[in-house]
1. Please list, ordered by chain and number, the residues whose modelled amide H lies under 5 Å from the amide H of PHE17; skip anything fewer than 5 residues away on the same chain.
2. What is the gain in length, in nm to one decimal, between ARG20 and THR102 on full extension, counting 0.36 nm per residue of separation less the C-alpha to C-alpha distance?
3. Trypsin sites (Lys or Arg not before Pro), restricted to the range 20-114: which are DSSP loop and have at most 15 other Cβ atoms within 10 Å?
4. Give the range of the longest stretch in the chain that excludes all GluC sites (Glu not before Pro) found in loop regions by DSSP and having at most 15 other beta-carbon atoms within 10 Å.
5. Could you line up THR6, THR102 from fewest to most neighbouring Cβ atoms inside 10 Å?
6. Give the share of C-alpha pairs in each 5 angstrom bin for the chain, from 0 to the last occupied bin, in whole percents, shortest bins first.
7. Tell me which residues come under 5 Å, amide H to amide H, from VAL5 once H is placed; ignore anything under 5 positions away on its chain.
8. Mean separation of Cα pairs under 8 Å and 6+ residues apart, divided by the residue count of the chain: what relative contact order is that in percent?
Amino acid sequence: MAFRVTPEWMIDLSDDFESRVEDEKLIFWKPGITVVIAAFSIPEDIGKLELLNRIQEKMPDEPLETLVSTKGEIVGLGYSQVQNDLIEKTRLSLYTFTVSDTSCLQTAFYLDDPADLEWAKAIWKGILYLPESEDQTGQQTESI
């Protein structure tokens with residue numbers, strides 16, 4: 001099911017995810033997978049490529065993998081890394097930034113099973129940007 005994150009951004013997740021809003025972030029979860037999404041506007045004096053360059057400068061020194069994406073008028077940057085949390089559970093994480101001329105959708109995928117990384121990449125690549133709230137997909141949408 002496609003979920004409208006903001007008037008411009010949609011993400012397609014299966015309907016077996018639970019969801020909530022917390023600290024201005026949209027959180028989806030099911031056993032083994034958590035997806036955290038935050039959207040923000042880009043200052044008018046910063047272009048989308050400049051924003052991605054700034055994000056890249058703040059990435060960890062040795063990510064497992066770095067991803068770059070261009071799709072129409074949006075560009076993206078992502079990286080994966082091993083995450084150790086407070087209860088000493090090791091998870092794989094994928095952090096992505098999808099940027100239009102006016103906004104950025106930051107998405108973090110936390111995965112218990114490393115085999116889910118390909119799923120997370122596919123979800124990231126499938127993020128839809130719909131300027132001016134145009135729903136061109138014909139899909140059912142749900143706003144959170």
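1. none
2. Difference between extended and current length: 27.0 nm.
3. LYS58, LYS89
4. Formally, the longest exposed-site-free interval is 89-133.
5. THR102, THR6
6. 2, 9, 20, 22, 22, 15, 8, 2, 0
7. MET10, ILE11
8. 31
Read the figures in this text as sums done on the coordinates, not as results from a lab. Worth saying up front: this structure is predicted, and the values here are computed from it rather than measured. Every residue, glycine as well, gets a Cβ built from its backbone with ideal geometry; the counts of neighbours run over all protein chains shown.
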